[in-house]
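Asker: Before anything else, here's the structure in question.
The values are calculated or read from the model by the stated rules, or taken from the named source; none is laboratory data. Small disclaimer: the values here were computed from a predicted structure and weren't measured. Cβ sites come from the backbone with ideal geometry, for glycine too, and all protein chains shown count toward neighbours. For accessibility, only protein heavy atoms count, side chains too; no ligands or nucleic acids. Shrake-Rupley method; radii C 1.70, N 1.55, O 1.52, S 1.80 Å.
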Amino acid sequence: MSTPPPRSAFAVFRSLYWRLAAVFLLLLAVLALIYVYVTAYTAEMYFEDATQRLNAMVAPSIAHKIRPIVNGAVDPAAVRRLFDDAMVINPSAEVYLLDTAGAIIAYAAPDSLIRRKSVSLAPVLSFIRGTATPPIAGDDPRSATGRKVFSAAPLEDDHVLRGYLYVILGGEEFDSVARFLLGSYALRLGLRTMWLTLAAAAVIGLIAFRWITRSLRDAISAVRRFQNGDHEARITASSGREVGALATAFNEMADTIAAQIEQIRTMDILRRDLVANVSHDLRTPLVSIHGYIETILMKEEGLSREDRDRYLRTVLRSTERLKKLVDELFELSRLEASDSRPAPEEFPIAELVQDVVQKQLILAERRGVKIAIDVPRDLQFVYADIALMERVFQNLLDNAIKFTPAGGTVTIRLIPAGTDVDVTVADTGEGIPRDELPHVFERFRRGRRPEEDQSAGAGLGLAIVKKILDKQGLSISVRSTPLEGTAFSFRLPSHRRDAPAVIAS
């Protein structure tokens, strides 16, 4: 069981909750700054719009009263009166006379303050014709790049256009004072709004994130408990789609891991049992071999030929038993290897059964057991791995013969079942107790036989049968009646299938 590392004092601030809160507060701060900027910009646009609308008639009014251009020439006295009247109407205004090309021909300001010699006439004409919506900004002669709202009017002499009266509505002094006041108001308004918004949003956001991440904290707690060995720890399902999906995925994973851990424990128990059983089954014939060979060597001159032959036959039986055990262990491990694959083909099942029976007749006759075959004529071919199926019939027959008393019968029955063939191997032995039926296909599971039965196997025959049929997508079932006998049944397909059907037992 692993112990989680100690958490530092600042670890809590690296949690998802605080990171989400920090991102949320940062977004709020950015939005607040954008709000301040938009507010200030909107206020400035509103100020310029109001200024231009309120002072739109300044230039036309002055141009109507005073004619600064007479007979095509500028009248200095009229120009001075024009400038004076403009200052009376709007002290913050700056007045300029333009020719028809936009060049500045007169102004009331020191030459050092003038940065342009001409202005663009496009906004002037748009203002005079009323084709644009205020605020309309024109070139500021006192700035190389600046633009300001203005009032303009055409200047005519004898109905001939001689130039334009161009009035900047917010001069430099007014502009600096107005911008200071506007900036100060907007700044105060924006800052107050920003702080109030941030404070309210921070409180609401922290509470909301606390509530939102509650399910995640519960999930983390369950994961840590599971990590520390509490394999019953699960995440309580949440109504949230994402967290609920996470809880479901973790719980399914935890169930799988817990099942695998239990399976590993079971496999470990089986492994220990396997080692114990193999050790016992190997030791018994080895002890017998060692004992008889040692006896032969020690009493070499005193043994009769009959005793020597009897001892050697006993050693031979022990070596055969040992060889059979090793072969079965090797075969079972080969079948369990993932790279072991069957090679199915079509073959006559009736002929295979006849061949296997002929090989088992000697054992059956020695034990006084009769073998009967029930096979209909013209039975169709089956599709399976012929070598593996031969091993299945050998193991089933060997098992049935061993558990059938003298005078009993072992029957192999092949019955057509549509396009398939049902196979049954039945005996007339004492049967299998009900509590042992679920375990008959387990490794080293031996049936109850007399102690003097020296032909007892290692208990791997039926396990090999089950593994062979599993490899081919087939299943085997067993039914048994005490004192009447046992029958093993499975079904073989009579043609190739893309996905062999598994017959439920």
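Asker: Which numbered condition in (1) over 17 Å from Gly418 (Cα atoms); (2) at pLDDT 90 or above is the only one that Asp498 fails?
Answerer: (2)
Asker: Follow-up question, since we're still on this one. Exactly one condition in (1) closer than 30 Å to Val421 by Cα; (2) touching a helix residue (DSSP H, G or I) at 6+ places or on another chain (Cβ under 9 Å) is not met by Glu351; state its number.
Answerer: (2)
Asker: Run Phe488 past the list (1) at negative phi; (2) at pLDDT below 90; (3) within 50 Å of the chain's Cα centre (by Cα); (4) surrounded by 14 or more Cβ atoms within 10 Å (Cβ to Cβ) and report the number of the one that doesn't hold.
Answerer: (2)
Asker: Report yes if Thr424 is buried (at least 17 other Cβ atoms within 10 Å of the Cβ) and over 14 Å from Phe490 (Cβ atoms), otherwise no.
Answerer: Taking the combined requirement at face value, the residue does not satisfy it.
Asker: Name the residues in region 356-393 that are assigned to a helix (DSSP H, G or I), over 21 Å from Pro493 (Cβ atoms) and of a type outside the set (A, V, I, L, M), would you?
Answerer: From region 356-393, those assigned to a helix (DSSP H, G or I) are 356-367, 386-393; that's our starting set.
Then keep just the ones that are over 21 Å from Pro493 (Cβ atoms); that gives 357-367.
Within region 356-393, Gln358, Lys359, Gln360, Glu365, Arg366, Arg367 qualify.
Asker: Something else: Looking at the structure I just gave you, is Ser120 more than 15 Å from Leu82 (Cα to Cα), in contact with an Asp or Glu (Cβ under 8 Å, 6 or more places away or on another chain) and loosely packed, with under 15 Cβ neighbours inside 10 Å?
Answerer: So Ser120 passes the test.
Asker: Only one of Arg81, Arg116 is charged (D, E, K, R), in contact with a Pro (Cβ under 6 Å, 6 or more places away or on another chain) and either modelled with pLDDT of 75 or more or outside any loop (DSSP other than H, G, I, E, B) (or both); which?
Answerer: Arg116
Asker: Just to be sure before I move on: is Ala364 among the aliphatic types (A, V, I, L, M), open to solvent by 40 Å² or more (accessible area, probe 1.4 Å), in contact with a Lys or Arg (Cβ under 8 Å, 6 or more places away or on another chain) and at pLDDT 90 or above in the structure I sent? Step through it out loud before you land on a result.
Answerer: On the way: among the aliphatic types (A, V, I, L, M): yes; open to solvent by 40 Å² or more (accessible area, probe 1.4 Å): no; in contact with a Lys or Arg (Cβ under 8 Å, 6 or more places away or on another chain): yes; at pLDDT 90 or above: yes.
Taking the combined requirement at face value, the residue does not satisfy it.
Asker: Exactly one condition in (1) within 17 Å of Ser475 (Cβ to Cβ); (2) open to solvent by less than 10 Å² (accessible area, probe 1.4 Å); (3) part of a helix (DSSP H, G or I) is not met by Leu397; state its number.
Answerer: Of the numbered conditions (1) within 17 Å of Ser475 (Cβ to Cβ); (2) open to solvent by less than 10 Å² (accessible area, probe 1.4 Å); (3) part of a helix (DSSP H, G or I), the odd one out for Leu397 is (1).
Asker: Residue by residue through region 286-330, note down the ones that are part of a helix (DSSP H, G or I), open to solvent by 100 Å² or more (accessible area, probe 1.4 Å) and of a type outside the set (Lys, Arg). Even if it seems obvious, please write down each step before you answer.
Answerer: Going residue by residue through region 286-330, those that are part of a helix (DSSP H, G or I) are 286-298, 305-330.
Filter once more, so that each one left must be open to solvent by 100 Å² or more (accessible area, probe 1.4 Å): 290, 297-298, 305-306, 310, 313, 317, 320, 323, 330.
Within region 286-330, His290, Leu297, Met298, Glu306, Glu320, Phe330 qualify.
Asker: Now for a different question. Can you pull out every residue in region 34-78 that is assigned to a loop (DSSP other than H, G, I, E, B), hydrophobic (A, V, I, L, M, F, W, C) and modelled with pLDDT under 80?
Answerer: Here is the first cut: in region 34-78, the residues assigned to a loop (DSSP other than H, G, I, E, B) are 55-57, 66-68, 71-72, 75.
Among the residues that remain, those that are also hydrophobic (A, V, I, L, M, F, W, C) are: 56-57, 66.
Passing the criteria: only Ile66.
Asker: Exactly one of (1) at positive phi; (2) charged (D, E, K, R); (3) touching a helix residue (DSSP H, G or I) at 6+ places or on another chain (Cβ under 9 Å) is unmet by Glu345. Its number?
Answerer: (1)
Asker: Only one residue in Pro123, Pro141 is closer than 15 Å to Val167 by Cα and not in a loop (DSSP other than H, G, I, E, B), so which one is that?
Answerer: Details: Pro141 fails: not in a loop (DSSP other than H, G, I, E, B).
Exactly one residue qualifies, and that residue is Pro123.
Asker: Quick one: is Asp309 modelled with pLDDT of 80 or more and out of contact with any Gly (no Cβ under 6 Å at 6 or more places or on another chain)? Give the derivation first.
Answerer: Numbers: modelled with pLDDT of 80 or more: yes; out of contact with any Gly (no Cβ under 6 Å at 6 or more places or on another chain): yes.
So Asp309 fits the description; yes.
Asker: Still on this structure, please answer the following. Scan region 1-33 for residues that are modelled with pLDDT of 60 or more, open to solvent by less than 40 Å² (accessible area, probe 1.4 Å) and not in a loop (DSSP other than H, G, I, E, B) and jot them down.
Answerer: Tyr17, Ala21, Leu28, Ala29, Ala32
Asker: For the structure I just gave you, tell me whether Val95 is modelled with pLDDT of 80 or more and over 15 Å from Gln52 (Cβ atoms). It would help to see each step written out before you state the result.
Answerer: On the way: modelled with pLDDT of 80 or more: yes; over 15 Å from Gln52 (Cβ atoms): yes.
So Val95 fits the description; yes.
Asker: Would you be able to tell me the number of residues in region 404-436 that are under 46 Å from the mean Cα position of the chain (by Cα) and in a loop (DSSP other than H, G, I, E, B)?
Answerer: Result for region 404-436: 2.
Asker: Are any of the residues in region 335-346 modelled with pLDDT of 70 or more, open to solvent by 30 Å² or more (accessible area, probe 1.4 Å) and among the small types (Gly, Ala, Ser)? Steps first, answer last, please.
Answerer: Of region 335-346, the ones modelled with pLDDT of 70 or more are 341-346.
Still in the running and open to solvent by 30 Å² or more (accessible area, probe 1.4 Å): 341-346.
Those still in the list that are among the small types (Gly, Ala, Ser) too: 343.
Yes - at least one qualifying residue is present in region 335-346.
Asker: Another question about this same structure. Which of the residues that make up region 149-171 are part of a strand (DSSP E or B) and open to solvent by 30 Å² or more (accessible area, probe 1.4 Å)?
Answerer: First pass over region 149-171, keeping only residues part of a strand (DSSP E or B): 149-157, 160-168.
Once the filter is applied, which keeps residues that are part of a strand (DSSP E or B) and open to solvent by 30 Å² or more (accessible area, probe 1.4 Å), region 149-171 yields Pro154, Glu156, Val160, Leu161, Arg162.
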